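Below you'll find the structure, written out as structure tokens, and then a few comments.
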Amino acid sequence: MTRYVSLAVTACLVAVAGLSFQRVFGLGPVLPVALAAAAVPAVLCGLLSGPRRKAPWPLWISLVLTVLGWAATVSLTVLRPALSGGTLPQALREGVLGSWKAVLTTLPPAPAEPELLVLVAVVVWPAAFASAELALRTSLRAAPALPALGVWAVALPLGVDGPAHTIPLAAVSVVLIAVLVLVRADGPDAPVPWRTLAPGVPAAAVLGALAFAAGPLVPVAADPYDPREQVQAPPPRQRDGVSPLDRVGGWLLSPGQVLFTVRSRRSEVERLAVLDRFDGVTWSSTARFVPTGGRVPQGPGPGGRHEVEQHITIRDLPGVWVPAPDRPRRVDGLPVVVDPGSGALAAAEPLRPGRTYRVGAAVPRWTAGDLAGVAIATGAEADATRELPWGPGAERPPVQLAEFRKFAEAATRGAGTPLQKAAMLAEYLKGYAKYDVTAPPGHSYRQLDYFLGEGRRGTPEHFATAYALLARTLGLPSRVVVGFEGGERAGDTVRVRSGDVVAWPEIKFDRLGWIRFNPLPDSARPSKRNDGVAAGETEQNLEQAQKAAASQEQDPGSGKTAQKQSQRPAPAHDSPTPWWVFASIAVGVLLLGYLSAVLLAPALRRRRRRTGTPATRIIGAWHQALDHLADVGLTTVRTLTAHEVARFGAAGIGAEARGHLGPLAELVEQSRFAASPPGQRAADRAWHHTDALGRLVTARAGRLRRIRRRLHPRSLRGTAR
């Protein structure tokens, strides 16, 4: 019976470990797969290897049958669509061999596709089989829990940065491991120790509650290991035949075309595409899109954000770029791929009219305090967005670069900080050129040279690309974003038209990421051009914060600015937790574990000695009496005979001890050498004498001395049977 109870506990333990894959796929898709993968092998092992009159079947037969059982179970559950469609072999092969890389190249939660969910069965089923075999074939107490820990070791790295929490599952696992140890305390062939389980299960529940409460308080000095960093992401590729930046001019000339509609409580700028690479002729994207189950990771930015939820319906928007606010956090209703760096979204297939999806975003809310004293970002990405290539096939730098650099330096003369340069350049372009939707499109070196030198009229395409190019000549990392601002309201829905398209530049700053700047003249605002929705409150607040922060900044070399920077607290990731904190926690955990062991071990040992056959109980009572005598310093009695111990103990404790040690020694001798085995009444008398002896020892030695002895490591050893 103990083996079968252990089997049930291990199945529950592995199932709970399998549910930790919820950080990879979500709880709903994982729940049935994990339960089936944990329960079925436990049942098979119980039938094949469980206690029988004859010996259990050989292990190799169990291995063969469990592989066949796994294939049948997965085919009938997870891969049922492939089974009905006749593609089961291919789906099974892709699930076993390809699901690992697919999960590692997908942002969690991964799509709940059958081929990917096979991964859960691949990990959980062998663990359940190993746990069941260990529970049925071995006498080790906690060994059946080890395979479940292996499931955790696989699921946690795969679910790094996943949306769910696994602390409740870890607490339940702690409870189940404690129950497993209690069930198998007297060996797998002993009767189920119900007397031990009665107080032990509540104690295990308390231990799990403590683990649940302490889980969020455990400090982590570094980011967890993410195996996705070791997997090469797919290279960037052109996802649309026509760049959204090249469509800006055409859209502005036909401004009435409804591209999509937005139903939301507040108006926000909709981003479409992020273009960060310039080759001298055109801007393109280097985004490394990865699949996602709908979640978009949060990027750097200010502490303040406001949540926005939008329901977007595609009308006549071409291409694969998916409009969404900055920064999207969740997309439902549309299969998308996402660039984790920029948060840009793209559909797997070209958008079709009538397609509806819901997007939730956390839009940054900037203040002057966020922008004060910021420095330019560094690193590989920032260096790449400062590049000024010569152009396709060019063997020398274009002559326009020197002119652009002079123009940018003149526009930012007097600026002492990167933020001042970025803000002054935007303000200069606002008054330098005029907004004109009829300006010829294009943003190559020659076309921008004409825009800045002679034409001085342009569309958002010209203002944004000119700003980004001029910023790079000043050493500022820049990129161009195409999106939509405003729209025409009809009830609770805003119709975003082709005339609402806009392009803007962004500059990357340290700790804050990419920040938008607006070089467009005020006449380019949607509210000025037509009856559309006015510019969003977020964009207006950002421009005001930029102006306020730029006007307050001093030259970095001045004492005032240096004082400000020295008073500004360092970011959280620059102040790692001191080593002594972890050392103190480790010492505390070890001390708590030691105290728990030395205090619980005697009680558990006493409870174990009171169980079993009458002869076993009498011997247990005798060993318990020897422990009592050791509490008063009579440790040498273990080498004497039973009657010698009775005389020696009475001399050390008092005459009253003789009335208990003598009868107890007589019962011990009878249990060992009598022709007939002792009964339960004899065992009860033995424990009566032992308990009375314990009270005498407490009165003689005192509780303080007994507690000191309990705290000694030798109390863990006890008396061998």
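Read the figures in this text as sums done on the coordinates, not as results from a lab. Here the structure is a predicted model, which means the values were calculated and not measured. Here the Cβ positions follow ideal geometry from the backbone for every residue, glycine too, while neighbour counts run over all protein chains shown.
A crude spin-label estimate for the pair Arg681 and Thr138, with each label 7 Å from Cα along the Cβ direction, gives 4.6 nm. Among the listed pairs Lys430/Lys547; Lys434/Lys547; Lys406/Lys547, those with a Cα-Cα distance over 18 Å are Lys434/Lys547; Lys406/Lys547. Using θ = phi - 60° in the Karplus curve 6.51 cos²θ - 1.76 cosθ + 1.60, the 3J(HN,Hα) couplings for segment 17-33 round to 4, x, 5, 5, 6, 4, 6, 9, 10, x, 5, x, x, 7, 3, x, 5 Hz; x is entered for Gly and Pro. Segment 325-339 and segment 389-438 have their alpha-carbon centroids 33 Å apart.
3J(HN,Hα) couplings calculated from phi for segment 456-473 with the Karplus curve 6.51 cos²θ - 1.76 cosθ + 1.60 (θ = phi - 60°) are, in sequence order, 6, 9, x, 9, x, 4, 6, 5, 5, 5, 5, 4, 4, 5, 5, 5, 5, 5 Hz; Gly and Pro show x. Per the Kirkwood formula applied to alpha carbons, segment 255-376 shows a radius of gyration over Rh ratio, Rg over Rh, of 0.99. At a Förster radius of 45 Å, what calculated FRET efficiency corresponds to the Cβ-Cβ distance of Asp492 and Ala112, to the nearest 0.05? The calculated FRET efficiency here is 0.90. With a Förster radius of 41 Å, plug the Cβ-Cβ distance of Arg263 and Leu27 into 1/(1 + (r/R0)^6) and report the FRET value to the nearest 0.05. So, using R0 = 41 Å, E works out to roughly 0.90. Taking 20 °C and 1.002 mPa s as conditions, segment 2-230 diffuses translationally at an estimated 116 µm²/s according to Stokes-Einstein applied to its Kirkwood radius (Cα pairs). Potential lengthening of the chain between His306 and Leu63 amounts to 82.0 nm, from the contour at 0.36 nm per residue minus the alpha-carbon distance.
With each label modelled as a point 7 angstrom along the Cα→C-beta vector, the Arg607-Glu403 pair spans 8.9 nm. Ordering Val181, Val269, Val30, Val64 from the fewest to the most neighbouring beta carbons within 10 Å gives Val64, Val181, Val269, Val30.
Here's the picture: a label point sits 7 Å out from the Cα of Arg700 along the beta-carbon direction, and within segment 642-670 the residues with their amide nitrogen under 13 Å of it are 645-662. Couplings 3J(HN,Hα) for segment 313-318, derived from phi with the Karplus relation 6.51 cos²θ - 1.76 cosθ + 1.60 (θ = phi - 60°), are 10, 6, 10, 10, 7, x Hz, where x marks Gly and Pro.
The calculated FRET efficiency for the pair Asp279 and Lys547, based on their C-beta separation and a Förster distance of 30 Å, comes to about 0.35. Taking amide H as placed 1.01 Å from N in the peptide plane, Arg479 has its amide H under 5 Å from the amide H of Glu506, each at least 5 places away in sequence or on another chain. Summarising the amide proton neighbourhood of Gln257: residues at separation of 5 or more, or on other chains, whose placed amide H is nearer than 5 Å comprise Ser498, Gly499.
For labels at Gln230 and Thr438 in the simple 7 Å Cα→Cβ model, what's the distance in nm? Spacing of the two 7 Å Cα→Cβ label points: 6.3 nm.
Here segment 59-163 has an Rg and Dmax of 15.4, 46 Å, counting Cα atoms alone.
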